[in-house]
1. Here are some pairs, LYS106/LYS177; LYS15/LYS177; LYS3/LYS32; LYS25/LYS177; which of them have Cα atoms lying more than 32 Å apart in this structure?
2. Give me the orientation-averaged projected area of the Cα convex hull of the stretch 106-204, in nm², one decimal.
3. When only Cα pairs under 8 Å and 6 or more residues apart are kept, what is the percent relative contact order across the stretch 106-204?
4. Modelled label-to-label distance, VAL117 and LYS25, 7 Å Cα→beta-carbon offset: nm?
5. Could you work out how far the C-alpha centroid of the stretch 7-82 sits from that of the stretch 93-116, in angstrom?
6. Which FRET efficiency, nearest 0.05, do ASP44 and ASP189 yield, Cβ-Cβ r, R0 25 Å?
7. Quick check: convex hull of the Cα atoms in the chain, volume per residue, rounded to a whole Å³?
8. Just check the stretch 6-99 against the gyration tensor rule for me: Cα atoms, a ≥ b ≥ c as the square roots of the eigenvalues, rounded for a/c under 1.5, and otherwise prolate or oblate depending on whether a/b exceeds b/c.
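Rule-based calculations on the coordinates, nothing more; no lab input. Computed from a predicted model, the values in this text were never measured in an experiment. Every residue, glycine as well, gets a Cβ built from its backbone with ideal geometry; the counts of neighbours run over all protein chains shown.
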Amino acid sequence: MAKRTLTSCWKQFEKLSLDYLGGEKDGADIAKKLETLTARTNVDKIGKALETLFIRPHISQEITVEFSVELEDGEIPSWQTRYDADTNRVILHPLSIFKFISDIRKIVVVEHDDDFVDLRYASFLHEIGKMSSTYLLFLLVLQRVAYLLEIAHLEKRGGVIEVAEGEAYHTLLWAFKELEGFAQRTRGDSVRAMFAISWYEADWITGR
């Protein structure tokens with residue numbers, strides 16, 4: 001039997017998640033298969049690769065990465081990743097991740113042009129939606145790192161801490177830049193060229 005890897009596990013998660021989201025097959029049966037795959041993936045510590053590649057370079061404390069497909073009140077949770085401070089774990093939810101991917105690939109940018117911040121975020125999501133699911137997994141792990149590092153928190157006069165407007169956008173933007181560097185260093189690849197991404201933050205510096 002071939003050794004289980006992050007790539008092989010993620011391909012299995014993708015197939016089962018898309019079948020579940022499609023709603024055309026037995027959802028209960030797919031859910032059981034997802035639970036079995038999740039348990040095996042966690043036992044094999046597949047998340048260790050994500051921890052080593054994307055968390056440890058930024059956070060020195062040991063944080064484990066595990067997968068979960070548990071539903072919340074029978075529904076897919078709204079979060080794709082979350083940090084459990086009690087167990088020091090970053091938890092990834094494949095079903096929610098693939099729902100997120102499906103949603104951003106359906107974005108019609110012109111429907112968001114009433115507000116600059118909303119338009120900027122929608123435009124960015126539309127562009128990153130061109131990436132493969134594996135790269136989007138990497139991106140979301142890095143976004144969780146950004147949240148943990150509080151990169152969108154601003155210290156105001158008097159020591160007051162505020163969260164920057166559009167926190168989700170700023171954390172994803174930071175994650176994208178880190179992902180670009182990772183791809184270039186490890187494989188000599190340009191994420192923008194590979195996926196025809198034409199996003200440049202400088203184009204959005206003005207516009208209010």
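1. Working: LYS106/LYS177 23 Å; LYS15/LYS177 28 Å; LYS3/LYS32 22 Å; LYS25/LYS177 38 Å.
Listed pairs above 32 Å: LYS25/LYS177.
2. Working: hull surface 30.0 nm².
Projected area, direction-averaged: 7.5 nm².
3. Relative CO of the stretch 106-204 lands at 26 percent.
4. 4.1 nm
5. 20 Å
6. Numbers: r = 27 Å, r/R0 = 1.07.
The pair ASP44/ASP189 has a calculated efficiency of 0.40.
7. 169 Å³
8. On the way: a/c = 2.27, a/b = 1.74, b/c = 1.31.
Prolate.
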